[in-house]
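Below is one structure, written out as structure tokens; the observations come after it.
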Amino acid sequence: MMARSGKFAGTRLLLATLALLAAGCKAHAKYPLDTLAPTSDITRSFYDLFVEVTVLDVIVLIVVVGALFLAIMVFSTRTGSVRPPSVKHGDLYLEVAWTGIPMVILIAIVVPTLRTILRTQPYTWPKDAMPVEVIAHQWWWEFHYPTLGVETADELHIPTGKTIHFELFSKDVIHSFFMPQVGGKRDVVPGQENQITLIADVPGEYYGQCTEFCGDSHANMRFRVFVQTPADFDQWVKHQLEPPVKPDAGPAAAGAKIFANAPCAICHAIRGVSGFSKEYTYGFRGPDLTHFGSRSTLAGSIMDNTPRNVALWIRNPDEVKPGANMPTLGLSGREMNQLVAYLESLK
Ligand code: CUA
């Protein structure tokens, strides 16, 4: 009975593995955090390793289940049989075989694994690689492009075909930077700089998520990765470097006054409005809002950037993202509309 259920479990596992492999063959992911739809050099390395090891595992599974099945069918004691099953003691050839074969299998797994680790975690990277500092906060992601002078939050933009060197820092606790399709996963540890080096090659919008439990809103610490053609990326950088919109009339202008006088300006930088030197703005307590209106999501990428959602967020941040460090402002309906109009005007 044990052997029969073992056999069926093996068949199910085999089918599940094949289904998993078939799913991975799709060019684009149906699921946002699909690790089987790689779009960069390093995620392709991870994927190749996964396929190599899985194929090897399936071969081992077939051989083991086959041998077990053979043993049951051919060598089991039959009803009415008087001869006891044969027993072997101290067979040198068998001992060597079942020590040697697993060794060969393990070497076949270790070699490509080490090769992948060395390839995806290099100690050196090209001098012309574009540095991007990733600063993890409870519970949002800050992206700083030191060579471009660009600062953004929760929405990462990178060009295709260029080596990107991510430097990972944490402002508080341990987080984990996970962008399954583009860059795999790496821990972000306070007091330690980790790194990821990659070349993305498929333009698109990808999902990211913190994958190390980091407090109340760990699950709300998401981000988006926009992989763009070099021309589109340059356009984005150009736009990010422009000064923020300064509305001179209407609700947005009134909202700008509210922003400057409410506690918003203590934590959020808007270039030329709040925040001081670059050094001070760097690692500011809340996201840089200079071009907030040009982002498609907000609050750790958990909702779309619409006036309604921005109002919902400002009204009670803790309700949207439990544990959020942003205070409630107690604005009237009219003031809220004005502040939202200002923030959305920051294209
Ligand atoms: Cu940050 Cu979980």
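Observations on the model:
- log₁₀ of I(q)/I(0) at q = 0.13, 0.17, 0.23, 0.25 Å⁻¹ - region 172-246, Debye sum with one point per alpha carbon: -0.53, -0.82, -1.04, -1.09
- For residue 297, the residues whose modelled amide H falls within less than 5 Å of its own, excluding neighbours fewer than 5 places apart on the same chain, are 305.
- Contact order, relative form, for region 26-134: 32 percent (alpha carbon pairs under 8 Å, 6 or more residues apart, mean separation divided by residue count).
- Across the accessible surface of region 35-78, with the other protein chains kept in place and a 1.4 Å probe, carbon and sulfur atoms take up 79 percent.
- Residue-averaged 222 nm ellipticity for the chain, from DSSP H runs of 4+ at -39500 (n - 2.57), nearest 500: -13500 deg cm²/dmol
- Given the chain, longest segment not containing exposed loop chymotrypsin sites (Phe, Trp or Tyr not before Pro) (DSSP; at most 16 other Cβ within 10 Å): 1-122
- Which of 153, 293, 322, positive extreme of dipole for the chain (C-beta unit charges): 322
- Between 0 and 90°, nearest 10: helix 250-261 axis offset from the chain longest Cα axis: 80
- Protein heavy-atom accessible surface, 1.4 Å probe, per residue over the chain: 55 Å².
- Expressed in Å, the radius of gyration and Dmax of the Cα atoms of region 218-347 are 14.7, 44.
- For region 319-328, 3J(HN,Hα) computed residue by residue from phi via the Karplus equation (6.51, -1.76, 1.60; θ = phi - 60°) reads 6, 6, 9, x, x, 4, 7, 8, x, 7 Hz, glycine and proline entered as x.
- Seen against the Cα atoms of the chain and their longest principal axis, helix 333-345 is set at about 70 degrees.
- The chain, relative contact order in percent, only Cα pairs under 8 angstrom and at least six apart counted: 15
- Region 194-282 shape via C-alpha gyration tensor axes, a/c threshold 1.5: oblate
- Stokes-Einstein, applied to the Kirkwood radius of the chain over Cα pairs at a viscosity of 1.567 mPa s and 4 °C, places its translational diffusion at 54 µm² s⁻¹.
- For residue 170, distant residues with modelled amide H under 5 Å away: 136, 189, 191, 192
- With viscosity 1.567 mPa s and temperature 4 °C, the Kirkwood radius over alpha carbon pairs of region 46-177 converts through Stokes-Einstein to a diffusion coefficient of 63 µm²/s.
- The angle between the Cα long axis of helix 41-75 and the longest principal axis of the Cα atoms of the chain comes to about 30 degrees, rounded to the nearest 10.
- Ligands, DNA and RNA left out, the 1.4 Å accessible surface of region 132-177 is 51% carbon and sulfur atoms.
The values are calculated or read from the model by the stated rules, or taken from the named source; none is laboratory data. For clarity, every value in this text was computed on a predicted model and none was experimentally measured. Please note: Cβ atoms are built from the backbone with ideal geometry, for glycine as well, and neighbour counts cover all protein chains shown. The area values use the complete protein model at the heavy-atom level, side chains included, leaving out ligands, DNA and RNA. Shrake-Rupley method; radii C 1.70, N 1.55, O 1.52, S 1.80 Å.
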